[in-house]
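Okay, structure first, notes after.
We did not get these values from a lab; they are worked out from the coordinates using the rules stated. The shown structure was predicted, so the numbers you read here are calculated from the model rather than taken from an experiment. Note that we place each Cβ from the backbone using ideal geometry, even for glycine, and neighbour counts take in every protein chain shown.
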Amino acid sequence: MSDTMKAVRQHAFGGPEVLVYEDAPKPRLKAGEVLVRVHAVGLNPPDWYLRDGYKMLPPAWQPLVSFPIILGTDISGVVVAVAEGVESFFVGDEVYSMVRFPAGLAGDSKAYAEYVSAPVSDVALKPAGIDHMHAAGAPMSLLTAWQFLIALGHNEPNPLQPNQHEPVPLEGKTVLVNGAAGGVGHFAVQIAKWKGAHVIAVASGEHEAFLRDLGADEFIDYTKTPPEDVAHDIDLVVDALGGPSTGRFLRTLKRGGALFPVFPLGFSGAEDAKTLGVTVSATQVRSSGAQLRDVGRLLNDGTIRVVLDRTYPLADARKAHERAARGHIRGKIVLNVQ
């Protein structure tokens, strides 16, 4: 077997043009890992943040990077080798994973490649009811929605706030999801509906039929109406976009409600939230093979669906990043490695 593989690497920070499809060393297995022949790779915002040099993070948070790097965390594929002592997976198993996140923030996950080594704790059997392309679209976005809404699944300190994030009960509650058509958003809509919430989806008008099909009870076209002007007495806002503008949702919430910004950096309304009696909380998604097993059952039976915006060959990762930069993504962008 060859010691090299095809991968998408970059040798400097920059735009999509820095992504190069080329030969790279095949990963070497370490203790507690499996080697996966990758069939599909899911794209996520940390991919373009890293490609660009994490310019949106404070300098103290920017990881040290050694070039060349391989982007990506989310894979679906087939186990082709297991490290000595690994008994939970076998050669031939179809698996999916979010590999080494956030530990791999500096490019140590290496998913844009034909082969990826992954710690067994990050890996789960791929749901049999979906193909590799859809499975690769799930891990980071679905685990983000799951860890915000259902269960953290770990006891690691929260780097974003002094207290641990705590999900809130959803049954019978009114939940507004902003950025509902995107990767995290379209999963948050489905999870909230599955848990018995009344779901209000916020997106541009072209996504209304799509989101109602996923279970949204109400729809707000933000291009016509600012959601904060028409939504009131909300129990929970999941702002899948987050950032500095997330504070506008504080006035949509009832006292005792909660605002969960998926991207919390830039939020400056802590005092307003305290006055209004609103909890603002976020968490950083973490790899979890155990949670991928849990959500895998929901993916397998169709309770939760992965929607694909566009797919591209691995060699066209640059084009996939250009698509992501145009925004208004419906679901997920996935690279085909077959």
Under the rule rounded for a/c under 1.5, else prolate if a/b exceeds b/c, else oblate, using alpha carbon gyration tensor axes a ≥ b ≥ c, region 26-106 is classed as prolate
Would you mind calculating the gained length between SER66 and ARG248 on full extension (0.36 nm times residue separation, minus the Cα-Cα distance), in nm to one decimal?
61.6 nm
Volume per residue that the Cα convex hull of region 139-258 spans, once the total is divided by residue count, Å³:
109
Value at 222 nm in deg cm²/dmol, rounded to 500, when DSSP H runs of n ≥ 4 in the chain each add -39,500 (n - 2.57)
-6000 deg cm²/dmol
Using Cα centres only, tell me the gap between region 173-232 and region 248-314 in whole Å.
13
Tell me the label-point distance for the pair VAL78, TRP48, using the 7 Å Cα-to-Cβ offset, in nm and rounded to one decimal.
3.3
Which order results if GLU84, GLU33 are arranged by neighbouring Cβ count within 10 Å, fewest first?
GLU84, GLU33
Listed with the fewest Cβ neighbours within 10 Å leading, ILE329, ILE234 appear as ILE329, ILE234
Using the alpha-carbon atoms, what tilt in degrees (0 to 90, nearest 10) does helix 139-149 show relative to the longest principal axis of the chain?
30
To the nearest µm²/s, what D does Stokes-Einstein give for the chain at 4 °C and 1.567 mPa s, using the Kirkwood radius over alpha carbon pairs as Rh?
64
From the P(r) of region 275-328, can you give the percent of Cα pairs sitting at distances over 12 Å?
79
If you take the beta carbon distance between GLU322 and ALA106 as r and set R0 to 22 Å, what does 1/(1 + (r/R0)^6) give as a FRET efficiency, to the nearest 0.05?
0.40
Suppose a student asked you for the relative contact order of the chain, using Cα pairs under 8 Å spaced at least 6 residues apart; what percent would you report?
19
Unit charges on C-beta of K, R, D, E only; dipole of the chain, Debye:
240
Extended-chain gain in nm, criterion 0.36 nm per residue less alpha-carbon gap, TRP194 and VAL20
58.5 nm
Using distinct alpha-carbon pairs, which all enter the 1/r mean, Kirkwood radius of region 88-185 in Å
15.8
Pairs from LYS110/LYS193; LYS6/LYS55; LYS274/LYS332; LYS30/LYS126; LYS173/LYS319; LYS26/LYS332 whose Cα-Cα separation, in the structure shown, is over 30 Å
LYS110/LYS193; LYS274/LYS332; LYS173/LYS319
